[in-house]
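Colleague: If you scroll down you'll find the structure; I have some questions about it.
The values are calculated or read from the model by the stated rules, or taken from the named source; none is laboratory data. All values reported here derive from a predicted model rather than from experimental measurement. Note that we place each Cβ from the backbone using ideal geometry, even for glycine, and neighbour counts take in every protein chain shown. Each accessible area value is taken on the protein alone, full model and side chains, heavy atoms only, with ligands, DNA and RNA left out. Shrake-Rupley method; radii C 1.70, N 1.55, O 1.52, S 1.80 Å.
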Amino acid sequence: MIDQATIERIHEAARIEDVVGDYVTLRRRGVNMIGLCPFHNEKTPSFTVSPAKGIFKCFGCGKGGNSVHFIMEHEQLSYVDALKYLAKKYHIEIVEKELTAEELQANNDRESMLLVNEFAQKYFTNTLHHHVEGKAVGLSYFHERGFRDDIIQKFQLGYCLDERDAFTKEALKAGYNKDFLVKTGLTIDYATSENGEKVPPVGGFRGADRFRGRVMFPVHSLSGKVLAFGGRVLKKDDKTAKYVNSPESEIYHKSNELYGIFFAKQAIVKHDRCYLVEGYTDVISMHQSGIENVVASSGTSLTPGQIRLIHRFTENVTVIYDGDPAGIKASIRGIDMLLEEGLNIKVLLLPDGDDPDSFARKHNSSDFIEFVEKNAADFIRFKTNLLLEDAGNDPIKKAKLVQDIVQSIAIIPNQIIRAEYVKECSTLLNVAENVLYHEISKIKTKEFEARINKKPEDEKKEETVSVKKTPETISITKFEKEERNIIRTLLKYGRNILFKDENGNTLCVDQYIFEELENDQLIFQNEKHRKLVEEYKNSFEENNFIAEKYFLNHPDYELSSLTADLISDKYVLSKIHSKFHQIETDDNRLNELAPRYIYEYKLVMILQKRKDKMLEMKAATEKSDETRTMELMSEIKQIDFFKSKLSEELDRVLNLL
């Protein structure tokens, strides 16, 4: 792990205006700088850089943070890789602190697996271009598919010799550990055959190459690291699977990866659209024709993880089909999941006999885009027409069709878009709008009842709920706003003096906050908030402690990101007390808001407690448990007394501001 001192040197060298200025044209506006956001399309600048604070913030898409966070977002790197990227740029030597045995082992295992995959990719690529069998079999196959040499190099395609263990022997000879060869799935342990049967090892470890006799397609992460491989067999053998993929591992989770995303991410952002296809060669051929904003689900049904990955870059997706009716119907559920995520979906049906691979080889990018613009259909309209063909004049099938379409419309989160679809489908299906709305209402009611009737143990598992903030999804816990207000005050004004008595004794903002929380035994619900507060407690008495700088440059990405988010956010005001807006913009008095935020936090906590007790009392009443009902009535009365006192204290504090 990179030590704190090195991180601070990186932040000092990597001035936010210089880092962002390499990617965005900035112009000064007062003490800040503005420009067009590189993370979403906009005509009016909403992207602000604050050199004084060392942060950026887009008030259009919501992205914000420091120099490292900008590089993470723009280059799609991990926190550590972004730090190393900036360290290299500014010629700063990386010093890493000693990790625990567990951390070191986990890091070493992951790094070792990535190194093994990197070696394998280079080995397979070298075999393809320089081995007699590789050139005669593998390279010939790619050339027959029409792939140019530059495209073959770009996607790092390769070939695995049709020998039992040629790759495994070479990897062991190069010093790579057999355990990591097996963990990545490149080698199959001889003690376990491919069909899962145990076979006694003979003479120690003997491994077999998983991908022998196959052309190789490396699967890259967002940052370009090789996570896995797909291998296509070239021999015609009914007993052999056409494609074999790397198994799930510590570095590869198929449900969270999309083939081609590393090569497509910038083009997706640039064009604000992602083309979704099925296979490796579809992606490669489209790139060769000039269409780079394309990814593949690698022959599997779409998963929530893959959908979230797309949503990081765009809200617009065009799904390309090869015209096979069975395949289209099988993938409809996946598209419903895209709708549920709030994406705008179009469907492109290619001419009969064409798949994205063959169609792309026949057309250049301008022809392809022209075809898309003329033929891509809105998904709901496409699905309606597709199912109408099946239903014909059969009233039972048509009724089922209406239910199917309504199910898709009901999951769309945007009410305005939903209303437009209802109007259009009413015409297409010849069904009154009120009937469609009635069916949607029934679906929503069932969903609501399912949530209400969740068992307590299910609710405990769901400590957080997901809400939409930007194209990314974040987790919001109970009392999130109140906790953020308190932590923001700690970060910005924690060391400011809040009270001073006649003897000259002082009480700082952070001391006041900690005492209030401890006196009432209040613990933050959000895990990251708890983590930050605990570290603050352990560090604030150190010399030269500046909370904002300390946590903004923190080696823990979660704490660094949270800090950047909090200090760049506009203050959230209570609707009741919005008249105090002027005070909230006066930095000299912001520390005086600490008592207000503490009382607001206590008040929402006690209101939640009252709500819980009321539910308990209702259940006790229904069970005719008079003793418990009376106990709860007494507890609620006591809660109301404290609630009244807290409200009085809050009003008093507000009147002093």
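Colleague: Just one of the numbered conditions (1) at pLDDT below 90; (2) in contact with a His (Cβ under 9 Å, 6 or more places away or on another chain); (3) open to solvent by less than 20 Å² (accessible area, probe 1.4 Å) is not true of Glu341; which one?
Modeller: (3)
Colleague: Here is a further query. Kindly list, by first and then second residue, each pair from a residue in the range 385-402 that is more than 16 Å from Val435 (Cα to Cα) to a residue that is among the acidic types (Asp, Glu) and surrounded by 14 or more Cβ atoms within 10 Å (Cβ to Cβ), limited to pairs with Cβ atoms under 7 Å and residues at least 6 apart or on different chains.
Modeller: Leu387/Asp404
Colleague: Has the range 103-114 got any residue that is modelled with pLDDT of 85 or more, open to solvent by less than 60 Å² (accessible area, probe 1.4 Å), touching an Asp or Glu at 6+ places or on another chain (Cβ under 7 Å) and within 30 Å of Ile152 (Cβ to Cβ)?
Modeller: Checking the range 103-114: at least one residue is modelled with pLDDT of 85 or more, open to solvent by less than 60 Å² (accessible area, probe 1.4 Å), touching an Asp or Glu at 6+ places or on another chain (Cβ under 7 Å) and within 30 Å of Ile152 (Cβ to Cβ).
Colleague: Now a separate question. Within the range 602-634, track down each residue that is over 22 Å from Gln525 (Cβ atoms), under 43 Å from the mean Cα position of the chain (by Cα) and of a type in the set (D, E, K, R).
Modeller: Correct list: Lys618 only.
Colleague: Same structure again: Residues being surrounded by fewer than 16 Cβ atoms within 10 Å (Cβ to Cβ) and more than 28 Å from the chain's Cα centre (by Cα): count how many of those fall in the range 523-563.
Modeller: Adding up the residues that qualify gives 9.
Colleague: Which residue is surrounded by the fewest Cβ atoms within 10 Å (Cβ to Cβ), if the candidates are limited to the range 482-510 and must be among the polar types (S, T, N, Q) and touching a helix residue (DSSP H, G or I) at 6+ places or on another chain (Cβ under 6 Å)?
Modeller: That would be Asn496.
Colleague: A further question follows. Considering Phe180, Phe167, which residue is open to solvent by less than 50 Å² (accessible area, probe 1.4 Å), farther than 26 Å from Lys135 by Cβ and part of a helix (DSSP H, G or I)? Before the answer, list the steps.
Modeller: Numbers: Phe167 fails: farther than 26 Å from Lys135 by Cβ.
Matching residue, one of Phe180, Phe167: Phe180.
Colleague: Only one of these conditions is not met by Glu278: (1) charged (D, E, K, R); (2) farther than 25 Å from Cys37 by Cβ; (3) touching a residue at least 40 places away in the same chain (Cβ under 8 Å); (4) surrounded by fewer than 20 Cβ atoms within 10 Å (Cβ to Cβ). Which number is it?
Modeller: (4)
Colleague: Can you spot a residue in the range 375-397 that is under 30 Å from Phe147 (Cα atoms) and under 30 Å from the mean Cα position of the chain (by Cα)?
Modeller: Among the residues of the range 375-397, at least one is under 30 Å from Phe147 (Cα atoms) and under 30 Å from the mean Cα position of the chain (by Cα), which makes the answer yes.
Colleague: In the range 27-57, what residues are aliphatic (A, V, I, L, M), under 25 Å from Lys270 (Cβ atoms) and over 28 Å from the mean Cα position of the chain (by Cα)?
Modeller: Selection gives Met33 alone.
Colleague: Within the range 237-262, can you find the residues that are closer than 23 Å to Ile335 by Cα, of a type outside the set (Gly, Ala, Ser) and open to solvent by 10 Å² or more (accessible area, probe 1.4 Å)?
Modeller: Within the range 237-262, His253, Lys254, Asn256, Glu257, Phe262 meet the criteria.
Colleague: Give Glu93, Glu73 a once-over and let me know the one that is open to solvent by 80 Å² or more (accessible area, probe 1.4 Å) and either at pLDDT 80 or above or within 26 Å of His271 (Cα to Cα) (or both). Explain how you work it out, then say what you get.
Modeller: Details: Glu73 fails: open to solvent by 80 Å² or more (accessible area, probe 1.4 Å).
Answer to the selection: Glu93.
Colleague: Take the range 58-70 and flag every residue that is open to solvent by 20 Å² or more (accessible area, probe 1.4 Å) and over 16 Å from the mean Cα position of the chain (by Cα).
Modeller: Phe59, Gly60 - these are the residues of the range 58-70 that are open to solvent by 20 Å² or more (accessible area, probe 1.4 Å) and over 16 Å from the mean Cα position of the chain (by Cα).
Colleague: Only one of (1) within 27 Å of the chain's Cα centre (by Cα); (2) modelled with pLDDT of 80 or more; (3) loosely packed, with under 13 Cβ neighbours inside 10 Å fails for Thr318. Which number is that?
Modeller: Result: Thr318 fails condition (3) only.
Colleague: Here's a follow-up. When residues of the range 516-554 are filtered for being part of a loop (DSSP other than H, G, I, E, B) and either at positive phi or basic (Lys, Arg) (or both), how many remain?
Modeller: 2
Colleague: What are the pairs with Cβ atoms under 7 angstrom where one residue, in the range 70-92, is under 12 Å from Ala13 (Cα atoms) and the other, located anywhere, is part of a loop (DSSP other than H, G, I, E, B)? Sequence gap at least six, or different chains.
Modeller: Note: pairs meeting the criteria are Leu86/Ala14; Ala87/Ile94; Tyr90/Ala14.
Colleague: Quick one: in the range 403-415, of everything that is under 18 Å from Glu439 (Cβ atoms) and of a type in the set (S, T, N, Q), which residue is least open to solvent (accessible area, probe 1.4 Å)?
Modeller: Among residues in the range 403-415 that are under 18 Å from Glu439 (Cβ atoms) and of a type in the set (S, T, N, Q), the one least open to solvent (accessible area, probe 1.4 Å) is Ser408.
Colleague: Can I ask one more? Looking at the range 222-240, I want the residues that are among the charged types (D, E, K, R) and have a partner that is open to solvent by 50 Å² or more (accessible area, probe 1.4 Å) and assigned to a loop (DSSP other than H, G, I, E, B) with Cβ atoms under 9 Å, at least 6 apart or on another chain. Which pairs are those?
Modeller: Final answer for the pair search is Arg232/Lys242; Lys235/Asp162.
Colleague: Restricting to the range 360-371, name every residue that is without any contact (Cβ under 8 Å) to a residue 60 or more places away in the chain and either open to solvent by less than 50 Å² (accessible area, probe 1.4 Å) or under 13 Å from Asp322 (Cβ atoms) (or both).
Modeller: Passing the criteria: only Phe371.
Colleague: Among the candidates Asp355, Asp378, Asp458, single out the residue that is closer than 23 Å to Tyr275 by Cα and either open to solvent by 50 Å² or more (accessible area, probe 1.4 Å) or at pLDDT below 85 (or both).
Modeller: On the way: Asp378 fails: either open to solvent by 50 Å² or more (accessible area, probe 1.4 Å) or at pLDDT below 85 (or both); Asp458 fails: closer than 23 Å to Tyr275 by Cα.
Of the residues listed, the single one that is closer than 23 Å to Tyr275 by Cα and either open to solvent by 50 Å² or more (accessible area, probe 1.4 Å) or at pLDDT below 85 (or both) is Asp355.
Colleague: Criterion first (touching a helix residue (DSSP H, G or I) at 6+ places or on another chain (Cβ under 9 Å) and either open to solvent by 90 Å² or more (accessible area, probe 1.4 Å) or part of a loop (DSSP other than H, G, I, E, B) (or both)) does Ile513 satisfy it?
Modeller: So Ile513 fails the test.
Colleague: Which of the numbered conditions does Asn393 fail, given that it passes all the others? Conditions: (1) open to solvent by 70 Å² or more (accessible area, probe 1.4 Å); (2) more than 19 Å from Met337 (Cα to Cα); (3) assigned to a helix (DSSP H, G or I).
Modeller: (3)
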